[in-house]
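Written below as C-alpha cells is the structure these notes are about.
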Amino acid sequence: MNKLHSDNEIVDLIKNNSMAVIYFNGSACGACEAIKIKIEDILKGFPKINSGEINVEKHLDLAAKYDIFSVPIFLLFIEGKESIRIGRNLDLLELNAN
C-alpha cells in the first residue's frame, strides 16, 4: 500500500481508479500492521484495485474528514463511491468473500 499524506492524494486515488482501497491505521494500534499485511495479501488477487494507507495519528485532519473514529478502518471505493466500510472487528474472511 502506498502511504498517503494529503486529501488530494486520497481524492486522486479514488478518482483515478474504478476501485480503490483506503486503509486507516495507527502507530499505536497493535493489530493494524498484522491486518495490513493480510489485506495486502488479499489485494494481490485483485491487481486492478489500487490501495493507500493513512496513519491517523499523523493525519488527524484526514481521519476527521473521512469519519474515522477508531482504527483499523478499511474503505473500498467503487466508481468513486464508498461501497464497503469495515471497522475494528475486521473479518478478513468476509472481506475476501466480498
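Okay, here's what the table says:
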quantity: Long-range neighbours under 8 Å by Cβ, at least six apart or interchain, first residue over 24 Å from K38 (Cα atoms) and free of Cβ contacts under 8 Å to residues at least 60 places away in the same chain within segment 4-27, second open to solvent by less than 20 Å² (accessible area, probe 1.4 Å) and not in a strand (DSSP E or B); calculated: S6/L62; D7/L62
quantity: Among residues of segment 12-26, those that are under 14 Å from L62 (Cα atoms) and surrounded by 22 or more Cβ atoms within 10 Å (Cβ to Cβ), counted; calculated: 4
quantity: Hits in segment 27-39 (condition: open to solvent by 20 Å² or more (accessible area, probe 1.4 Å) and either under 16 Å from S83 (Cβ atoms) or touching a Leu at 6+ places or on another chain (Cβ under 9 Å) (or both)); calculated: A31, I35, K38
quantity: Residue list for segment 40-57, restricted to those being in contact with a Ser or Thr (Cβ under 8 Å, 6 or more places away or on another chain) and either within 14 Å of F74 (Cβ to Cβ) or crowded, with 18+ Cβ neighbours inside 10 Å (or both); calculated: E40, L43, N55
quantity: Count - residues of segment 53-89 that are assigned to a loop (DSSP other than H, G, I, E, B) and touching a residue at least 60 places away in the same chain (Cβ under 8 Å); calculated: 2
quantity: Failed item, numbered, when A34 is tested on (1) in a helix (DSSP H, G or I); (2) within 11 Å of the chain's Cα centre (by Cα); calculated: (2)
quantity: Residue check, I42 more than 20 Å from R88 (Cα to Cα) and of a type in the set (A, V, I, L, M, F, W, C); calculated: no
quantity: Subset of segment 70-84 (residues that are in contact with a Leu (Cβ under 7 Å, 6 or more places away or on another chain) and hydroxyl-bearing (S, T, Y)); calculated: S83
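The values are calculated or read from the model by the stated rules, or taken from the named source; none is laboratory data. Just so it is clear, the model here is predicted, and its values are computed rather than measured. Backbone-built Cβ (ideal geometry, glycine too); neighbour counts: all protein chains shown. Calculation scope for accessible area: heavy atoms of the full protein, side chains included, ligands and nucleic acids excluded. Shrake-Rupley method; radii C 1.70, N 1.55, O 1.52, S 1.80 Å.
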